[in-house]
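Visitor: Structure below; questions to follow.
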Amino acid sequence: MKLNERSIIHLDLDAFFVSVECLKNGAFKGKPLIVGGGERGVVAACSYEARAFGVHAAMPMRTALYLCPQAIVIKGDHEDYSNYSRQVTEVIAQSVPMFEKASIDEFYTDLTGMDKFHSTQKFSKELKAKIYKETGLPVTYALASNKLISKIATNEVKPDGQTIIPFGEEKSYLAPLAIEKMPMIGDKTATLLREMGVSTIRTLSEIPPSLLGARFGKNGLELSRRANGIDETPVVPYSEQKSISTQETFNNDTIDIAFLNREVVRMTEKIGFVLRQQNNLAGCVTVKLRYANFDTVTKQLSISYTSSDHILLRTAKELFDKLYDRRMLVRLVGIRFSDLVPGNYQISLFDDTQEMIQLYHAIDSIKKQFGAGALVRARTL
């Protein structure tokens, strides 16, 4: 079977953080609810009732409360959201042979070939119902021939919706939609396209690929393919073992606790930067220690999904303190982040200020331009 004849289902939990809070407190249902920090913080998530007033994620809290002064604001709980995400992951893992966890609240699975034995439409409905029954969380899904169409269609039928885009109707389905509905078209690209007189995906699909390529480079050629409903991106199997790590074998074995602590900080910062550059969040931190006699010990801790240095550092240092329980020379220290899922920095921020977010962005911008070692904490020097 050709790639373009696949059966791909995209599942997206509806207003995930808000849905979790409504499970914990039924009084929040149907109310304009905002999950986020204090007045100087940002909106991490909001209910559909709050969205009706123009509130959206990443908006400054002051702006959100100006638009919707009657909103209920709660801080949110990293741990609860991570735990519920894992519950949904387990339900899906038990139901399908292979799936991709695209973020903490959205998933893809390839059902190609299932129609020989079981209706993909019926299975999709059953999976939606099973997720709700076992976790209490509403989910929207779309079934289509590729990931692009299924994702766009899911967004169109939220909340608690379901739809199927038959094979061969991809282009006609996209045609009337605004260009902003297309993934990879951000504010800047949308502005440029509208200046060209392009407001719908139909018009975008009619522009010669060579013209889009000349205007937007490789992204232009990909825009042309997507506007015509073409996407051969495979569903990438999810693995809890997916990780990034670093370790350091010292020239001389050491018992210098201050030096070892500095190394833990340095290495954690190093791969924390890599984590954010990959647009990933970590759900588990592991610290490894090898003594001079080659005994190797490790400790790990599951955490709320994050890419925030201050959380990763706190966890790594806590693990190191528990691990280093012998007064022996140390030969090697290693740090690993695992249980990775796609997601950005702001998704794990509920109590940080706008200044903290801007600081992280500024630090990463400097590191990206001049190298990861261009900016480090003073204690690592």
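Visitor: Given the structure, is Tyr173 of a type outside the set (S, T, N, Q), more than 25 Å from the chain's Cα centre (by Cα) and under 27 Å from Ala52 (Cβ atoms)?
Guide: It is true that Tyr173 is of a type outside the set (S, T, N, Q), more than 25 Å from the chain's Cα centre (by Cα) and under 27 Å from Ala52 (Cβ atoms).
Visitor: Here is a further query. Scan the range 247-262 for residues that are open to solvent by less than 20 Å² (accessible area, probe 1.4 Å) and either assigned to a loop (DSSP other than H, G, I, E, B) or charged (D, E, K, R) (or both) and jot them down.
Guide: Matches in the range 247-262: none.
Visitor: It is to be established whether one or more residues within the range 182-201 are under 30 Å from Thr120 (Cα atoms), open to solvent by 80 Å² or more (accessible area, probe 1.4 Å) and not polar (S, T, N, Q).
Guide: There is no residue in the range 182-201 that is under 30 Å from Thr120 (Cα atoms), open to solvent by 80 Å² or more (accessible area, probe 1.4 Å) and not polar (S, T, N, Q).
Visitor: Tell me, which residue of the range 13-62 that is open to solvent by less than 20 Å² (accessible area, probe 1.4 Å) and among the aromatic types (Phe, Trp, Tyr) is nearest to Val157 (Cα to Cα)?
Guide: Phe16
Visitor: Are any of the residues in the range 214-233 within 29 Å of the chain's Cα centre (by Cα), surrounded by 13 or more Cβ atoms within 10 Å (Cβ to Cβ), part of a helix (DSSP H, G or I) and among the basic types (Lys, Arg)?
Guide: Yes: the range 214-233 contains one or more residues that are within 29 Å of the chain's Cα centre (by Cα), surrounded by 13 or more Cβ atoms within 10 Å (Cβ to Cβ), part of a helix (DSSP H, G or I) and among the basic types (Lys, Arg).
Visitor: Just to be sure I understand, how many residues within the range 167-181 are open to solvent by less than 30 Å² (accessible area, probe 1.4 Å) and more than 30 Å from Ala214 (Cβ to Cβ)?
Guide: Going through the range 167-181 one residue at a time, the tally reaches 0.
Visitor: Might you check whether a residue that is open to solvent by 50 Å² or more (accessible area, probe 1.4 Å), part of a strand (DSSP E or B) and of a type in the set (Lys, Arg) occurs anywhere in the range 263-277?
Guide: So far as the range 263-277 goes, no, none of its residues is open to solvent by 50 Å² or more (accessible area, probe 1.4 Å), part of a strand (DSSP E or B) and of a type in the set (Lys, Arg).
So that you can scan it fast, the table gives a plain yes or no per residue for (1) at pLDDT 95 or above; (2) open to solvent by 60 Å² or more (accessible area, probe 1.4 Å):
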residue: Gln94; (1), (2): no, yes
residue: Ser150; (1), (2): yes, no
residue: Thr154; (1), (2): yes, no
residue: Gln162; (1), (2): yes, yes
residue: Ile165; (1), (2): yes, no
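Visitor: Give the range 247-295 a look and list any residue that's free of Cβ contacts under 8 Å to residues at least 12 places away in the same chain and not acidic (Asp, Glu), or say none.
Guide: Within the range 247-295, Asn251, Asn252, Ala258, Phe259 meet the criteria.
Visitor: Evaluate the following for Ile72: is it in contact with a helix residue (DSSP H, G or I) (Cβ under 9 Å, 6 or more places away or on another chain), of a type in the set (Val, Ile, Thr) and open to solvent by 40 Å² or more (accessible area, probe 1.4 Å)?
Guide: Criteria met by Ile72.
Visitor: To continue, here is another question. Does Gly283 satisfy the criteria of being on the phi > 0 side of the Ramachandran plot, surrounded by 16 or more Cβ atoms within 10 Å (Cβ to Cβ) and not in a helix (DSSP H, G or I)?
Guide: No; evaluated as a whole, the condition is false for this residue.
Visitor: Conditions first: (1) modelled with pLDDT of 90 or more; (2) buried (at least 20 other Cβ atoms within 10 Å of the Cβ). Ile244 passes all but one, so which condition is the exception?
Guide: Tallying (1) modelled with pLDDT of 90 or more; (2) buried (at least 20 other Cβ atoms within 10 Å of the Cβ), Ile244 fails exactly one: (2).
Yes/no matrix, rows are residues, columns are (1) in a helix (DSSP H, G or I); (2) under 30 Å from Pro237 (Cβ atoms); (3) at pLDDT below 95:
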residue	(1), (2), (3)
Asn4	yes, yes, yes
Asp12	no, yes, no
Glu39	no, no, yes
Ala45	no, yes, yes
Phe53	no, no, no
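Residues are listed down the side, and each one gets a yes or a no for (1) small (Gly, Ala, Ser); (2) surrounded by 14 or more Cβ atoms within 10 Å (Cβ to Cβ); (3) outside any helix (DSSP H, G or I):
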position: Arg290; (1), (2), (3): no, yes, yes
position: Thr298; (1), (2), (3): no, no, yes
position: Ile303; (1), (2), (3): no, yes, yes
position: Leu312; (1), (2), (3): no, yes, no
position: Ala316; (1), (2), (3): yes, yes, no
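The values are calculated or read from the model by the stated rules, or taken from the named source; none is laboratory data. Remember, it's a predicted structure, so these values are computed and weren't measured experimentally. Neighbour counts run over all protein chains shown; Cβ positions are idealised from the backbone, glycine included. For the accessible areas, the whole protein counts, side chains as well, though only heavy atoms, and no ligand, DNA or RNA atoms are used. Shrake-Rupley method; radii C 1.70, N 1.55, O 1.52, S 1.80 Å.
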